[in-house]
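Taking it in order: structure first as structure tokens, then the write-up.
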Amino acid sequence: MGLFDFAEVGFNVDNGFLEGLTRGFKNGVLCKEDYRHLTQCDSLEDLKLHLQSTTYGNFLANEPSPLTVAVIDDRLREKLVVEFQFLRNHAYKELATFLDFIKYSYMIDNIILLITGTLRQRQLSELLPKCHPLGIFDQMETVTIANSTADLYNAILVDSPLAPFFKDCISEEDLDEVNIEVIRNTLYKAYLEAFYDWCEGCGGATAEVMCEILGFEADRRSFIITINSFGTELSKEDRAKLYPRRGKLYPDGLTELARADDYESVKRVAEHYTEYRKLFDGTGVGIGEKTLEDKFFEHEVTMNVNSFMQQFQYGVFYSFVKLREQECRNVIWISECIAQRHRSKIDSYIPIF
Amino acid sequence: MGSLFRSEQMCLAQLYLQSEAAFACVSKLGELGLVSFTDLNPNVNAFQRKFVNDVRRCDEMERKLRFLERELKKDQIGVYDNGDNPPAPAPREMIELEAKFEKLENDMKEINTNQEALKKNFLELTEMKQILMKAQHFFEETLPFNDDDTQGGASEYARLLDEQPESKLGFVAGVILRSKLPSFERVLWRACRGNVFLRHAEIEMALEDPVTGDVVNKSVFIIFFQGDQLRNRVQKICEGLHATLYPCPDTSNERREIAIGVMTRIEDLQAVLNQTEDHRHLVLTQVALNIRVWFIKVRKIKAIYHTLNLFNVNIAEKCLIAQCWCPTNDLGKIQDALRYGTEVSGSSVASILQQVTTEEQPPTYNRTNMFTESFQGIIDAFGVSTYQEVNPAPFTIITFPFLFAVMFGDFGHGLLMLVFGLVLVIREKFYLAQKSADSEIWDMIFGGRYMILFMGFFSMYTGFLYNECFSRSFNVFGSSWNVSAMNFDAVTLGNASALDLDPVTPGVYRGYPDNYINGSGYPYPYGMDPIWQSAENKITFQNSYKMKSSIVLGFAQMLFGLTLALYNHIYFKDRLSIICEWIPQMIFIWCIVGYLCVIILFKWITWKDPASAPSLLIGLINMFMFTAPSKADGTFLYTGQSTVQIFVVLMIVFCLPWMLLAKPAVIYYRRRQKANRYAPLKSDSSTTRGLENPNFAEDVGKSQRNYNLAGGEMADDVPIIEQDQLDVESNSIQQTEPDPDEKDFSEIMILQIIHTIEFSLNCISHTASYLRLWALSLAHSELSEVLWTMVMHIGLSMAPPAGPIVTYAVFWFFAVLTVGILLVMEGLSAFLHALRLHWVEFQSKFYKGQGYAFLPFSFESIIQGRVDE
């Protein structure tokens, strides 16, 4: 963008209301104090009572007792969806595209979920409730008829918004479990790259904030793919193809990752990067230790919280959705711990504020 | 003093309620709505409180009621409202209610499931019928060969059949949402590579979705294909897009037979459906009769348990301890309620109400009725008055509409507003009963109906004085100006468009009584002489008049505010502030604004010769420059003026240090004395209130905050503190008296500086601010005049026959603009300015507004949803 770029000046004309709204929503995100109260609850009824005093208000008031975790999960998700749909319905021009980009990741998840389910001979009616409501689109449910990726693309996805991400993984091979993982990651890679480039094209504060967050997302995927690939039949060349080519690891880190054979070598790659070294330090699966996954989540939460520090940019919308999602995960985790009387691990949620 | 003048005297009381009597007592207090309970367990989580389970039961009951309410809404059955207000049922009745709701909910759910199943069935059959009908149609026009294979026909499908004689064309038929049809078609074509043939037709009638009850539009489709693989594929796509498939036989005879069967089944089903509907309706009508009462009952119980959760539980003595604020005057009523509650519950031990002394500032409670409510609302919107300070609301009742009217003065506009207000007031009961109109704007207008009435009335009064009615004047008594006395000749009269009337010429102005020069009669008996309406210099004349009267009115109001400050000082026994603040303020304002008002009045009353009228503005400026007034520059008013004015200016200058330094000096002096007196103690005692300890105020605050907690425990140990009512009273006075020891000296000094600067500057700026009375009034009269001359005048000045017609047409335009611009917009702007004059110019003289409102625990407000428990 040019030197005399005053995108911020007009920002509020189109997006001011929604940004304000989102910041308001963000103020409703549960804080440490709330989580402390939640972890003290003895039953889900207590949890409901406490959530009533937060911005969630009476969202469980119309549910008959006894409450189940599944119901809470549904309601939490519903709230996020309602908020997101409101934003999307009022969004204008670029913001609408941006919000659609957020939706695409859920679409990818849903498609993969459905294909895997069909491969395992599950009924469509059983799979549908598991799909994320943000990622539902018209042709989604017909993916079950596809036998190969080419089929999938030509018959169904060609006029869905996911089509551009799909061009890398078209092949005549039949779908099987390994294949699907590859498809998922290829899709994700294409999606992340497209989203990253779009944000970069936006310029200004949006690029600044979003490239940081999406870059991290890309790097996290690269790490996770590498670690998960050990002991599978995935070849190193194929693996390297799955790495999203954005973020801090690209290009040197990715080349090294492509050569990695075990967890230690992955860790060595991470040593070169200050942010990631911290994450790999002191992780483990023992009691009191945090898993690498949790560390990644924590880092993500910090980045998303920081994104609210900047104004006149789209990052707040992305961050809000991600924070709400994390909050849902936290509440569900706590509810599960309460419901299963498994209190020792109740504190392993990821606090946001 | 009446209760309106100051807020109600409040006292903090502790209630000792027997566990079994607590529910009944709180229920009685809730009906009474005179006490506000404080939370004695602020550190306990919501779900760890004692009665949390009961609250939960109430939540559950409320949920069931809400479910029933939704069902009522779905069937559009109105809720029966007979205005009953049942008392909160006893706890044992709660079980009954619970059982009743449980049964109703289950009944309702069962009916719903049945109905849903039936409706689903019905929907399927209807769709089936549609398919059979449409399929018949499709086959008739496209597939003659299907009935008669041997003919081979001309249709392309038959030719297709010919090419591959061994395979047979299969087909499926079904129904799909009309909105999904395009994407269905696309997917089908792509997935089957164009090897299927789709025909579809819209179902004309709208179908009802059995689950959601929404009305949906659907289409019938029929797909032809070849081979089993394609059949699988097609079926999967149908499943994926939520299309329902129905079996459809090949031959038309079979189809006809099935169709007949379907028809009879539909008829049967319709009968059953109607019966279910009737049953449902019966149950719901019963519910509709009672649901309102149930809601009230449950909400009351819930509110009681919520309140009980605020109490301290004393397990040893089996009693609950509550702490509450209540008006001292109503202690008798509260005692009665407690006694009654105890009796109802059959408890043997009486409930005890015990007054407690406290350092906390009591809440502010101003009793209002329908009339005073809106005026009190205006005051509270600025800030709830500090406990027991003078409440400006009663004065606002008159001053607010009056100041509004000064800006809005027009007889006609005032009349319209008065009529509007009257309609609202007279039909008050009707509108109050209509709670359904949940519009915020309407609530605001309706809430201020008495204010509108008064504003209308006062506007008529000022309009009368301004002699303006839709910008026209009434000439009731005849003008006191006489043109013929000027002795113009016919030529002058005939040619001139405007003529000068010289009041000095004898007989022209009859306004002066006989003993005055040129006096020959009396001025117009009230307000403006109607002749000004046609005068060219009307605005100049009125400006001078309105400008000056604005300043006089403003001074009067500010003076009144300052007088109220005196009442506050006397009431709080603050002699220091009277001597060191109030007296110099009074002198200051009299010298600076009061003197101006005096000379304005002086000039109005005594000046007779228009040619040599003095200029007050220049005079005022000269006064501060110490220039002696002289006739030459038109500043001379009376003999000895120079001496008086020098004295006035000197007084102003003298008052400044008085206001600024006297109070801090006295406080400083007192403190030094006190410090000297306690000096020997200071070294060894930590209890001394050290002047140097700036944290002291904070400590006091902390101990006050902890008081709530300590209150409960203290009551456990100390049985009953003997406390006279008088003591409480004196205590509250002592406590509200500003204790200078609490603040750091530099802070006092800074505050004093700010106050002094603020007051002295405000005396001038606020006076100037009152000029808005003139400005708005000018704007209003000009606007209405423009509206008259530009709109109404056009019609009225035309000759018949066009004149009356145009007048009729133009009148509506005039009427709409009058209401829209002059009444609504101008009214709002005058309202805002009157509001500002009260909040800023008037109240800044005496009003602190640092109190907090008394929010009593009252069922009435809880049921109306005003308080969220």
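The values are calculated or read from the model by the stated rules, or taken from the named source; none is laboratory data. All figures in this text were calculated on a predicted structure; none of them were measured in a lab. Because the Cβ atoms are built from the backbone with ideal geometry, glycine has one as well, and the counts that use them run over all protein chains shown. Side chains are part of the model used for accessible areas, which takes the heavy atoms of the whole protein and leaves out ligands, DNA and RNA. Shrake-Rupley method; radii C 1.70, N 1.55, O 1.52, S 1.80 Å.
When the stretch A:227-270 is examined, which residues are found to be of a type in the set (S, T, N, Q) and either surrounded by 15 or more Cβ atoms within 10 Å (Cβ to Cβ) or part of a helix (DSSP H, G or I) (or both)? Can you show your working first?
Narrowing the stretch A:227-270 to residues of a type in the set (S, T, N, Q): A:228-229, A:232, A:235, A:255, A:265.
Within the stretch A:227-270, A:228, A:229, A:255, A:265 meet the criteria.
Could you tell me which residue of the stretch A:119-159 is farthest from the other protein chains (Cβ to nearest Cβ), considering only residues that are in contact (Cβ under 8 Å) with a residue 40 or more places away in the chain and surrounded by fewer than 20 Cβ atoms within 10 Å (Cβ to Cβ)?
This residue is A:132.
Among the residues of the stretch B:816-833 satisfying the criterion of being free of Cβ contacts under 8 Å to residues at least 60 places away in the same chain and hydrophobic (A, V, I, L, M, F, W, C), which is surrounded by the most Cβ atoms within 10 Å (Cβ to Cβ)?
Applying the filter and picking the extreme gives B:817.
Checking the conditions here, which among B:293, B:215, B:211 is surrounded by fewer than 18 Cβ atoms within 10 Å (Cβ to Cβ), more than 30 Å from residue B:83 (Cα to Cα), touching a residue at least 40 places away in the same chain (Cβ under 8 Å) and β-branched (Val, Ile, Thr)? Full working, then the answer.
On the way: B:293 fails: more than 30 Å from residue B:83 (Cα to Cα); B:215 fails: touching a residue at least 40 places away in the same chain (Cβ under 8 Å).
Of B:293, B:215, B:211, the one residue that is surrounded by fewer than 18 Cβ atoms within 10 Å (Cβ to Cβ), more than 30 Å from residue B:83 (Cα to Cα), touching a residue at least 40 places away in the same chain (Cβ under 8 Å) and β-branched (Val, Ile, Thr) is B:211.
What pairs come out if I take residues in the stretch B:220-248 that are over 25 Å from residue B:204 (Cα atoms) and within 11 Å of chain A (Cβ to nearest Cβ) and pair them with residues that are in a helix (DSSP H, G or I) and among the polar types (S, T, N, Q) whose C-beta lies under 8 Å away, six or more apart or interchain?
The qualifying pairs are B:236/A:142; B:236/A:144.
From the list B:466, B:522, B:509, B:450, which one is open to solvent by less than 80 Å² (accessible area, probe 1.4 Å) and at pLDDT below 85?
Numbers: B:466 fails: at pLDDT below 85; B:522 fails: open to solvent by less than 80 Å² (accessible area, probe 1.4 Å); B:450 fails: at pLDDT below 85.
That would be B:509, the only listed residue that is open to solvent by less than 80 Å² (accessible area, probe 1.4 Å) and at pLDDT below 85.
In the set B:386, B:396, B:372, which member is among the β-branched types (Val, Ile, Thr), under 27 Å from residue B:771 (Cβ atoms) and at pLDDT below 95? Outline the logic, then answer.
Details: B:386 fails: under 27 Å from residue B:771 (Cβ atoms); B:372 fails: under 27 Å from residue B:771 (Cβ atoms).
Step by step, each of B:386, B:396, B:372 is checked, and only B:396 is among the β-branched types (Val, Ile, Thr), under 27 Å from residue B:771 (Cβ atoms) and at pLDDT below 95.
Quick one: which helices (runs of 4 or more DSSP H) sit completely within the stretch B:786-869 and have at least 1 residues that are among the basic types (Lys, Arg)?
On the way: elements: B:793-796, B:802-817, B:826-836, B:859-863.
Once the helices (runs of 4 or more DSSP H) in the stretch B:786-869 are filtered for at least 1 residues that are among the basic types (Lys, Arg), what remains is B:826-836.
If you check A:63, A:8, A:78, which single one turns out to be open to solvent by 60 Å² or more (accessible area, probe 1.4 Å) and either over 28 Å from residue A:130 (Cα atoms) or within 14 Å of chain B (Cβ to nearest Cβ) (or both)?
Numbers: A:63 fails: open to solvent by 60 Å² or more (accessible area, probe 1.4 Å); A:78 fails: either over 28 Å from residue A:130 (Cα atoms) or within 14 Å of chain B (Cβ to nearest Cβ) (or both).
Only one candidate passes the filter, namely A:8.
Just need a number here: residues in the stretch A:35-52 that are over 14 Å from residue B:48 (Cα atoms) and either away from every other protein chain (no Cβ under 11 Å) or of a type in the set (Gly, Ala, Ser) (or both).
Looking only at that region, the number is 1.
Might you let me know whether the stretch A:100-118 holds any residue that is hydrophobic (A, V, I, L, M, F, W, C) and surrounded by fewer than 16 Cβ atoms within 10 Å (Cβ to Cβ)?
Within the stretch A:100-118 (the criterion being hydrophobic (A, V, I, L, M, F, W, C) and surrounded by fewer than 16 Cβ atoms within 10 Å (Cβ to Cβ)), the answer is no, since none of the residues qualifies.
Tell me which of these residue B:424 doesn't satisfy, since it passes every other one: (1) under 28 Å from residue B:5 (Cα atoms); (2) open to solvent by less than 30 Å² (accessible area, probe 1.4 Å); (3) in contact (Cβ under 8 Å) with a residue 60 or more places away in the chain.
Going through (1) under 28 Å from residue B:5 (Cα atoms); (2) open to solvent by less than 30 Å² (accessible area, probe 1.4 Å); (3) in contact (Cβ under 8 Å) with a residue 60 or more places away in the chain one by one, residue B:424 breaks only (3).
Could you go through the stretch A:32-51 and let me know if any residue there is β-branched (Val, Ile, Thr), closer than 17 Å to residue A:326 by Cβ, at pLDDT 85 or above and crowded, with 19+ Cβ neighbours inside 10 Å. I'd like the intermediate steps shown before the answer.
Restricting attention to the stretch A:32-51, the residues satisfying the condition of being β-branched (Val, Ile, Thr) are A:39.
Narrowing the set further to residues that are closer than 17 Å to residue A:326 by Cβ leaves A:39.
Now drop any that are not at pLDDT 85 or above, which leaves A:39.
Adding the requirement that they be crowded, with 19+ Cβ neighbours inside 10 Å leaves none.
Within the stretch A:32-51, not a single residue is β-branched (Val, Ile, Thr), closer than 17 Å to residue A:326 by Cβ, at pLDDT 85 or above and crowded, with 19+ Cβ neighbours inside 10 Å.
Considering each residue of the stretch B:178-210, count those that are farther than 17 Å from residue B:136 by Cβ, in a loop (DSSP other than H, G, I, E, B) and away from chain A (no Cβ under 14 Å), and give that number. Give the derivation first.
We begin by selecting, within the stretch B:178-210, every residue farther than 17 Å from residue B:136 by Cβ; these are B:178-198, B:205-210.
Adding the requirement that they be in a loop (DSSP other than H, G, I, E, B) leaves B:192-196, B:205-206, B:209-210.
Subsequent filtering for residues that are away from chain A (no Cβ under 14 Å) retains B:205-206, B:209-210.
Selection size over the stretch B:178-210: 4.
Filter the stretch B:817-869 down to residues that are farther than 26 Å from residue B:396 by Cα, charged (D, E, K, R) and in contact with a helix residue (DSSP H, G or I) (Cβ under 7 Å, 6 or more places away or on another chain), then give me how many there are.
Residues that pass the stated criteria total 1.
Looking at B:53, B:45, B:85, which one is among the polar types (S, T, N, Q), out of contact with any His (no Cβ under 7 Å at 6 or more places or on another chain) and either farther than 27 Å from residue B:346 by Cα or within 14 Å of another protein chain (Cβ to nearest Cβ) (or both)? Write out each step before concluding.
Numbers: B:45 fails: out of contact with any His (no Cβ under 7 Å at 6 or more places or on another chain); B:85 fails: either farther than 27 Å from residue B:346 by Cα or within 14 Å of another protein chain (Cβ to nearest Cβ) (or both).
Exactly one residue qualifies, and that residue is B:53.
Looking for something assigned to a helix (DSSP H, G or I) and touching a helix residue (DSSP H, G or I) at 6+ places or on another chain (Cβ under 9 Å) - is there at least one such residue anywhere in the stretch A:282-290?
Quick first cut of the stretch A:282-290, residues assigned to a helix (DSSP H, G or I) only: none.
No, because not a single residue in the stretch A:282-290 is assigned to a helix (DSSP H, G or I) and touching a helix residue (DSSP H, G or I) at 6+ places or on another chain (Cβ under 9 Å).
Take the residues in the stretch B:567-576 that are out of contact with any Asp or Glu (no Cβ under 7 Å at 6 or more places or on another chain) and open to solvent by 40 Å² or more (accessible area, probe 1.4 Å); name whichever of them is farthest from residue B:392 (Cα to Cα). Steps first, please.
Kept after step one, since they are out of contact with any Asp or Glu (no Cβ under 7 Å at 6 or more places or on another chain), are these residues of the stretch B:567-576: B:567, B:569-571, B:575-576.
Keeping just the survivors that are open to solvent by 40 Å² or more (accessible area, probe 1.4 Å) gives B:567, B:570-571, B:575.
Values: B:567: 12, B:570: 16, B:571: 15, B:575: 22 Å.
Here the answer is B:575.
Can you tell me which residue among B:605, B:587, B:579, B:646 is surrounded by fewer than 13 Cβ atoms within 10 Å (Cβ to Cβ) and aliphatic (A, V, I, L, M)?
Numbers: B:587 fails: surrounded by fewer than 13 Cβ atoms within 10 Å (Cβ to Cβ); B:579 fails: surrounded by fewer than 13 Cβ atoms within 10 Å (Cβ to Cβ); B:646 fails: surrounded by fewer than 13 Cβ atoms within 10 Å (Cβ to Cβ).
Checking each option against the conditions leaves just B:605.
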